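Student: Before we start, here is the structure in question, set down as structure tokens.
The values are calculated or read from the model by the stated rules, or taken from the named source; none is laboratory data. Just so it is clear, the model here is predicted, and its values are computed rather than measured. All Cβ positions, glycine included, derive from the backbone under ideal geometry; neighbour counts span all protein chains shown.
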Amino acid sequence: MAYTTLLYGDYLSFMHVQALWSRQLSMPWVGIVMALRMVYEAPFLSFQSLRNLTDLIPDLFIMALLIMGWVGPWKLPRKDWSYLIFGTTLWLFFQLTPLMQGYPLGSMGRFMLEVFPAFIIAARIGTNKSFHFNYICVALAMYAYLIIAFLVGYWVL
């Protein structure tokens, strides 16, 4: 913030520039609710519903992993809570600026790659063979969809 104040005279310029990409500051659940509504209202297996699911699934998956890091059998020990605080804060920060036109959670899959504490929890859960097999099946299906969408000429992530 100090750098952008010196450079541009605006300490919130990193937030104001989001308007150029049709992003607007809102409550954290707005993007998720909008994406769910768009999936529900779109024709079954249309590009719009699949694209919204492509953005929604990583978002909800990382949220679930972070929740499992706080509670449950895969809870991280107290000494690692700083990772969870960082991951939860970062996840919430990304939820604050959904797209107001088109796909509300656009680029969310790319943003979720930065929430590395969730991957620490996924590695802990990955020792479970059932979870590992199901994760591979879902990841393979997503991979196939993304390749087909790219080859057909749709914009992917």
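Student: Listed residues Tyr143, Tyr103, Tyr83, Tyr154; which is part of a helix (DSSP H, G or I) and either surrounded by 11 or more Cβ atoms within 10 Å (Cβ to Cβ) or touching a residue at least 40 places away in the same chain (Cβ under 8 Å) (or both)?
Tutor: Only one candidate qualifies: Tyr83.
Student: In the range 64-80, what count of residues is obtained for those that are surrounded by 16 or more Cβ atoms within 10 Å (Cβ to Cβ), of a type in the set (A, V, I, L, M) and outside any helix (DSSP H, G or I)?
Tutor: 1
Student: Now, a different point. Hey, can you tell me all the residues within the range 10-35 that are at pLDDT 85 or above, surrounded by fewer than 17 Cβ atoms within 10 Å (Cβ to Cβ) and not in a loop (DSSP other than H, G, I, E, B)?
Tutor: Result: Val33, single match.
Student: Continuing with this model, one more query. Could you identify the single residue in Thr54, Thr97, Thr88 that is under 22 Å from Arg23 (Cα atoms) and either of a type in the set (D, E, K, R) or modelled with pLDDT of 90 or more (or both)?
Tutor: Testing whether each residue is under 22 Å from Arg23 (Cα atoms) and either of a type in the set (D, E, K, R) or modelled with pLDDT of 90 or more (or both) leaves just Thr88.
Student: List the pairs whose first member sits in the range 30-45 and is without any contact (Cβ under 8 Å) to a residue 40 or more places away in the chain, whose second member is part of a helix (DSSP H, G or I) and surrounded by 12 or more Cβ atoms within 10 Å (Cβ to Cβ), and whose Cβ atoms are under 6 Å apart, counting only residues at least 6 apart or on separate chains?
Tutor: Partner pairs satisfying both residue conditions: Val39/Ser49; Val39/Asn52; Val39/Leu53; Ala42/Gln48; Ala42/Ser49.
Student: Return the residues of the range 106-132 that are farther than 21 Å from Met27 by Cα, assigned to a helix (DSSP H, G or I) and of a type outside the set (Lys, Arg); say none if nothing qualifies.
Tutor: Within the range 106-132, Phe116, Pro117, Ala118, Phe119, Ile120, Ile121, Ala122, Ala123, Ile125, Ser130, Phe131, His132 meet the criteria.
Student: Which residues, taken from the range 39-59, are farther than 11 Å from Leu105 by Cα and either part of a helix (DSSP H, G or I) or in contact with a Pro (Cβ under 9 Å, 6 or more places away or on another chain) (or both)? Step through it out loud before you land on a result.
Tutor: Residues of the range 39-59 farther than 11 Å from Leu105 by Cα: 39-50.
Passing the criteria: Val39, Tyr40, Glu41, Phe47, Gln48, Ser49, Leu50.
Student: Among the charged types (D, E, K, R), more than 18 Å from Asn52 (Cα to Cα) and in contact with a helix residue (DSSP H, G or I) (Cβ under 7 Å, 6 or more places away or on another chain): which single residue out of Lys79, Lys129, Lys75 fits that description?
Tutor: The match here is Lys75.
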